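The values are calculated or read from the model by the stated rules, or taken from the named source; none is laboratory data. Please read these numbers as outputs of a predicted model, since none were measured by experiment. Please note: Cβ atoms are built from the backbone with ideal geometry, for glycine as well, and neighbour counts cover all protein chains shown. Note: accessible area is taken over every heavy atom of the protein model, side chains too, but ligands, DNA and RNA are not part of it. Shrake-Rupley method; radii C 1.70, N 1.55, O 1.52, S 1.80 Å.
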Amino acid sequence: MKQESTAQNTPPASPPLSPAPSPAPSPTPSPPSQHPRDDGDPQALWIFGYGSLVWRPDFAYSDSRVGFVRGYSRRFWQGDTFHRGSDKMPGRVVTLLEDHEGCTWGVAYQVRGEQVSEALKYLNVREAVLGGYDTKEVTFYPQDTPDQPLKALAYVATPQNPGYLGPAPEEAIATQILACRGFSGHNLEYLLRLADFMQLCGPQAQDEHLAAIVDAVGTMLPCFCPTEQALALV
């Protein structure tokens, strides 16, 4: 979930990252006309990121908050043939799976005024056209004020999109991640940056699926490529 523009704020827990090439402009479908709005500011919109958006939103925004959504679990079930993979070797990136007991941590970004249309135009290319994601309204609970939830827009890949890969054993997902690279970088970088973000959220932020894939990668990496190559990936 991936290109570069100047933001008004720096996203939380964002390590330095080299700019990724922006996709060439092309005619794209218009974003949905109805989006959740901030009750306190009808001109504002919150956008929830739970994948690469947590460290690289690449759009201008007015505010950002770390927090979580309930009723969803994060899964590496979406294929990526542009940002973290190719047509021949699709990478694995995350989507949200409806799960009554689930809880997914991420970052919500507030965009206001002209930022709204610019952010939606950019994300329509990055997430919908190149990623295969649809939009969905979610309820976001800020970490510091969970009793004041916000309506937010999230990008979710469903089984109906052509890039959807679906479930697989964590070891198989780890093997695929280790083998793939796209225009935004190596698939392993995507995995490790997401794991770093979760650690910074604190012990209350749990993601067993993510942790299992990281553990599998840690076991496989020394055998997967020589030490110099392994270090270059991270």
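A few remarks follow.
- Of the residues Pro90, Ala172, Trp55, the one whose Cα sits farthest toward the positive end of the charge dipole of the range 32-233, with +1 on the Cβ of Lys and Arg and -1 on the Cβ of Asp and Glu, is Pro90.
- Ligands, DNA and RNA are left out, and with a 1.4 angstrom probe the accessible area of the range 32-233 is 45 Å² per residue.
- Net charge dipole size for the range 32-233 [Lys, Arg +1 and Asp, Glu -1 on Cβ; Debye, nearest 20]: 440
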